[in-house]
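Data block below; observations after.
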Amino acid sequence: MQNRRETLKQSVVVAGILASAGFPQFAQAAVNKAAFEAKTVQEAARAAGAKSMAESKDVTIIGPDIAENGAVVPLGASTTLTGVKHLLIMVEKNPSALVAMFNVTDAVEANFSTRAKMGQSSDVYAVAIMNDGKALWAKKEVKVTLGGCGG
């Protein structure tokens, strides 16, 4: 059975082969450039397909209360809801709000974690975008003592 690291490694190899074979559109098909370039949480959610946003106790954001080093802040998002299309992790005060976008199906457990750079203390959001376009979110304040994004 493959673990997540092996699967990701194989995906990168396939994307590299497709790109070198003259198929760069397939290698970058899953990237939503507009969402990752959005400056605010609302803009990023809209670019990812959200039509309306509402706070929900069914979405969980995981992160430290205080991050000693803003260059590597562990963040996570999860939900037990069905019908989730994307699960987003966003940092409100970052130059680009969207940190990570995970594509979800009902066959995948919507529980992800990553590390992000944070230049300053900020609210961090987990947003679950449903198949019908409704976006459910949760937020948590993370205080950063040493910034990671630089000037």
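The values are calculated or read from the model by the stated rules, or taken from the named source; none is laboratory data. All values derive from a computational prediction rather than experimental measurement. Cβ coordinates were reconstructed from backbone atoms using ideal geometry, including for glycine residues, and neighbour counts include every protein chain displayed. Areas reflect the complete protein model, heavy atoms only, side chains present, ligands, DNA and RNA absent. Shrake-Rupley method; radii C 1.70, N 1.55, O 1.52, S 1.80 Å.
Quick notes on this structure:
Residues checked against (1) of a type outside the set (F, W, Y); (2) under 10 Å from the mean Cα position of the chain (by Cα):
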| site | (1), (2) |
| --- | --- |
| V84 | yes, no |
| K93 | yes, no |
| N103 | yes, yes |
| D106 | yes, no |
| F112 | no, yes |
| D132 | yes, no |
| A138 | yes, no |
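- Close pairs (7 angstrom Cβ cut-off, 6 or more residues apart or separate chains): touching a residue at least 24 places away in the same chain (Cβ under 8 Å) in the range 33-44, of a type outside the set (A, V, I, L, M) anywhere: F36/S96; E37/S96; A38/S96; K39/S96; V41/E92; V41/Y125
- Output for the range 74-83, where each listed residue is at pLDDT 95 or above and farther than 12 Å from A138 by Cα: P74, L75
- Subset of the range 100-134 (residues that are of a type in the set (S, T, Y) and closer than 15 Å to A45 by Cα): Y125
- Once the range 58-79 is narrowed to residues that are β-branched (V, I, T) and open to solvent by 50 Å² or more (accessible area, probe 1.4 Å), the residue that is farthest from S121 (Cα to Cα) is T60.
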